[in-house]
Amino acid sequence: MTISKNQESYVFQCKISETPAQVIGGKGTRITVEKDGKVYEDILDGVTGAAVGALGWGDEYMVGVVTDAVKSSTYSYPSLMGNKESEELAKFYIDHSPKGTFASALWCCSGSEANENCMKIMYQYWLERGKTKKTKFISRMTSYHGFTIGALSLSENARADDFRPILLPKTQCLKMPVCYPYRFQKKGQTEAEYVQELLDALEKLIVDNDPETIISVTVETLPGSSLGTVPPPKGYLPGIRALCNKYDILMHLDEVMCGTGRSNPNGGLNCWENFMPLDQGPDLQTVGKTLGSGYATIAGVLVSPKVRNAYINGSNQVLGAHTYSSHAFNCKVALGVQKKLIGNGLTKNIFEMGNLMGKTLKEKLLSEDNIVGDVRGIGGFWSIELVKDRETKAVFDPKLDLGHRLHGICFQNGLNVMGMQGCVNQQTNEGDFITLAPSFIITKDDVDEIVKRAVKSVNDLTAALKKEGEF
Ligand SMILES: Cc1ncc(COP(=O)(O)O)c(C=O)c1O
């Protein structure tokens, strides 16, 4: 066995042999990053990790919250003993959601784990109702729900394809068409007609596969890393809700990336409140990311009264428990985060400031001759899709890897974003975009600065591609 004397990185992630850029500090909306031996100060954090850091970094109030949580927390194993912190956090989330939507919550440590748990909770729901034939999940093309085996089976993208042989069979994880009006709403087709086409396709999938065997329909309310923040068109989510009711199927919304205050129109928590009547929410919802805002590793599954009651009228038992489910420290820290976000009007702030950011980006980027085809999103979650030709929406050669290249240029211009590929075709990796998800504390000045740095970066890349003969 040879041990490299000059081993650069000891962490088994990303490019194993290379030390990645390292964040070495942060305050508010700014981070300090060490990259290739150089320290970059004052990087404006436009994406807060991966849409995580709602409170901003180094928040002094959190010092008190975390200290209290350490002092008061005693670890308890969930299947033997509960704790007050997990109860309080569950009650807080339920109370800050539309009345009657949720009745219970399970807390775990990551979005993948939340979706994994959700799949089992949904399957057991049908067992509790004596419906043992229900064994199939429906989710969507070009989607991401996490990197564990179950969550990856629900997902459909190049990352999932790499693991196809060890995922749940495709016959058990059925996929409905992606909802992506910018690309797939045909010329001359109205929004209502496009929505109907998608709903007809879902209904056909349900009927063709025997509704009696379908457990659930899962969608990301505002899809993030796979598709780039495409808001669902009017009537789409209510239409899915109606089909789930018609065929007695559970509706599961994945709000791990878009939820918990990132894009709520009412100063609250849930993204779906933009798109669905408040009394017709999902049966289950998974959340994560901004729940702990990076100060604690926490995610969860929110359960409707309907699901909770079926369990109570059945075995009254959730099968299985993870060691760190309902972790008291994590729950207390998350509750502290949420109290500040809502109490200080920060969920309202990000909805207003985020929409201002999106509107200004749209105006500036789409009025110039550049590589931007679409600017889309809502609240604190926006994406910029790149095209070779704005008229035909032609994509760039995936070999150019422009999402990641633009990410690099943004960094050089002092803006941290997420660059991605594959939104148009997950097999060929066609379709480049960058995503923005700043912290909820951003001010008008921050918005101006994000827009300035993003526009400069797009212009830099446009000029470079012109020089290279690619645009
Ligand atoms: C919609 C969605 N679901 C689930 C996950 C997985 O969450 P985690 O990375 O915390 O496991 C992600 C992560 O980006 C996500 O965007």
* Selection from the range 295-306 of residues that are more than 11 Å from the ligand (Cβ to nearest atom) and either in a loop (DSSP other than H, G, I, E, B) or not assigned by TED's automatic domain parsing to the domain that holds Ala334 (or both) -> Tyr295, Ala296, Ser304
* Asked: Do you know which of the residues in the range 164-184 that are touching a residue at least 12 places away in the same chain (Cβ under 8 Å) and assigned to a loop (DSSP other than H, G, I, E, B) is surrounded by the most Cβ atoms within 10 Å (Cβ to Cβ)?
  -> Cys179
* To do: Identify all residues within the range 40-85 that are in contact with a Pro (Cβ under 8 Å, 6 or more places away or on another chain) and not hydrophobic (A, V, I, L, M, F, W, C); write none if there are none.
  => Asp45, Gly46, Thr48
* Asked: Just checking, how many residues over the range 43-95 are buried (at least 22 other Cβ atoms within 10 Å of the Cβ) and over 23 Å from Val23 (Cα atoms)?
  -> 6
* What are the residue pairs meeting all of these: first residue in the range 410-426, first residue in the same structural domain as Ser383 (by TED's automatic domain parsing), second residue of a type in the set (A, V, I, L, M, F, W, C) and part of a helix (DSSP H, G or I), Cβ atoms under 6 Å, and 6 or more apart or on different chains? -> Val417/Cys410; Gly419/Leu406; Gly422/Ala158; Gln426/Ala158
* **Extreme residue, nearest to Ile378 (Cα to Cα), among residues of the range 27-52 that are in contact with an Asp or Glu (Cβ under 7 Å, 6 or more places away or on another chain) and of a type outside the set (S, T, N, Q)** => Leu44
* To do: Among residues belonging to the range 283-293 that are assigned to a loop (DSSP other than H, G, I, E, B) and within 11 Å of the ligand (Cβ to nearest atom), point out the one that is surrounded by the most Cβ atoms within 10 Å (Cβ to Cβ).
  => Gly288
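Would you check if there is a residue in the range 143-151 being at positive phi and in contact with a helix residue (DSSP H, G or I) (Cβ under 9 Å, 6 or more places away or on another chain)? Talk me through it step by step, then tell me what you get.
Going through the range 143-151, the residues at positive phi turn out to be 146.
Going one step further and asking which of them are in contact with a helix residue (DSSP H, G or I) (Cβ under 9 Å, 6 or more places away or on another chain), we end up with 146.
Scanning the range 143-151, I find at least one residue that is at positive phi and in contact with a helix residue (DSSP H, G or I) (Cβ under 9 Å, 6 or more places away or on another chain), so the answer is yes.
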* So how many residues does the range 188-218 have that are surrounded by 19 or more Cβ atoms within 10 Å (Cβ to Cβ) and β-branched (Val, Ile, Thr)? -> 6
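Please tell me if Tyr324 is among the aromatic types (Phe, Trp, Tyr) and part of a loop (DSSP other than H, G, I, E, B). First the steps, then the outcome.
On the way: among the aromatic types (Phe, Trp, Tyr): yes; part of a loop (DSSP other than H, G, I, E, B): yes.
So Tyr324 fits the description; yes.
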* To do: Determine which member of the set Gly130, Gly146 is within 14 Å of the ligand (Cβ to nearest atom), assigned to a loop (DSSP other than H, G, I, E, B) and more than 23 Å from Thr428 (Cβ to Cβ).
  => Gly146
* Can you name the condition, by its number, that Ile121 falls short on among (1) surrounded by 20 or more Cβ atoms within 10 Å (Cβ to Cβ); (2) among the β-branched types (Val, Ile, Thr); (3) away from the ligand (no atom under 16 Å from the Cβ)? -> (3)
* Of all residues in the range 356-375, count the ones that are among the β-branched types (Val, Ile, Thr) and assigned to a strand (DSSP E or B). => 2
* Filter result for the condition that a residue is assigned by TED's automatic domain parsing to the domain that holds Leu106 and more than 18 Å from the chain's Cα centre (by Cα), over Asn274, Asn316 -> Asn316
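Hey, does the range 273-282 have a residue that's more than 19 Å from Glu352 (Cβ to Cβ) and within 16 Å of the ligand (Cβ to nearest atom)? Show your work before the answer.
Within the range 273-282, the subset more than 19 Å from Glu352 (Cβ to Cβ) is 276-282.
Checking the rest, the ones that are also within 16 Å of the ligand (Cβ to nearest atom) come to 282.
Within the range 273-282, one or more residues are more than 19 Å from Glu352 (Cβ to Cβ) and within 16 Å of the ligand (Cβ to nearest atom).
In the set Arg159, Arg140, which member is of a type in the set (D, E, K, R), within 16 Å of the ligand (Cβ to nearest atom), assigned by TED's automatic domain parsing to the domain that holds Ser263 and surrounded by 20 or more Cβ atoms within 10 Å (Cβ to Cβ)?
Working: Arg159 fails: surrounded by 20 or more Cβ atoms within 10 Å (Cβ to Cβ).
Just one listed residue meets the conditions, Arg140.
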* Asked: Among the residues of the range 189-210, which ones are over 16 Å from Cys244 (Cα atoms) and not in a helix (DSSP H, G or I)?
  -> Gln189, Thr190
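Every residue, every condition in (1) touching a residue at least 24 places away in the same chain (Cβ under 8 Å); (2) at positive phi; (3) under 21 Å from the mean Cα position of the chain (by Cα), yes or no:
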residue	(1), (2), (3)
Leu365	yes, no, no
Val375	no, no, yes
Ile384	yes, no, yes
Gly431	yes, yes, yes
Ala437	yes, no, yes
Asp446	yes, no, no
Lys456	yes, no, no
Asp460	yes, no, no
Lys467	no, no, no
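Regarding the range 258-267, can at least one residue be identified that is more than 13 Å from the ligand (Cβ to nearest atom), over 14 Å from Cys179 (Cβ atoms), assigned to a loop (DSSP other than H, G, I, E, B) and in contact with a strand residue (DSSP E or B) (Cβ under 6 Å, 6 or more places away or on another chain)? Lay out the reasoning, then the answer.
Our first condition is that a residue be more than 13 Å from the ligand (Cβ to nearest atom); within the range 258-267, this holds for 261, 264-267.
Next cut, over 14 Å from Cys179 (Cβ atoms) only: 261, 264-267.
This time we only want the ones that are assigned to a loop (DSSP other than H, G, I, E, B), so: 261, 264-267.
Subset that is in contact with a strand residue (DSSP E or B) (Cβ under 6 Å, 6 or more places away or on another chain): none.
For the range 258-267, residues more than 13 Å from the ligand (Cβ to nearest atom), over 14 Å from Cys179 (Cβ atoms), assigned to a loop (DSSP other than H, G, I, E, B) and in contact with a strand residue (DSSP E or B) (Cβ under 6 Å, 6 or more places away or on another chain): absent.
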* Restricting the range 383-398 to residues that are more than 19 Å from Gly224 (Cα to Cα) and of a type outside the set (A, V, I, L, M, F, W, C), which is surrounded by the fewest Cβ atoms within 10 Å (Cβ to Cβ)? -> Glu391
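Of everything in the range 304-320 that's among the small types (Gly, Ala, Ser) and farther than 25 Å from Asp95 by Cβ, which residue is modelled with the lowest pLDDT?
Taking the range 304-320 first, the residues among the small types (Gly, Ala, Ser) are 304, 310, 314-315, 320.
Subsequent filtering for residues that are farther than 25 Å from Asp95 by Cβ retains 314-315, 320.
Numbers: Gly314: 98, Ser315: 98, Gly320: 87.
Restricting to residues being among the small types (Gly, Ala, Ser) and farther than 25 Å from Asp95 by Cβ, the top hit is Gly320.
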* Within the range 201-252, work out how many residues are under 23 Å from Gln426 (Cα atoms) and either away from the ligand (no atom under 16 Å from the Cβ) or not assigned by TED's automatic domain parsing to the domain that holds Thr135 (or both). => 5
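The values are calculated or read from the model by the stated rules, or taken from the named source; none is laboratory data. Note that the coordinates shown come from a computational prediction; the quantities given were computed from them, not determined experimentally. Here Cβ is always computed from backbone atoms with ideal geometry, including for glycine, and neighbour counts include all displayed protein chains.
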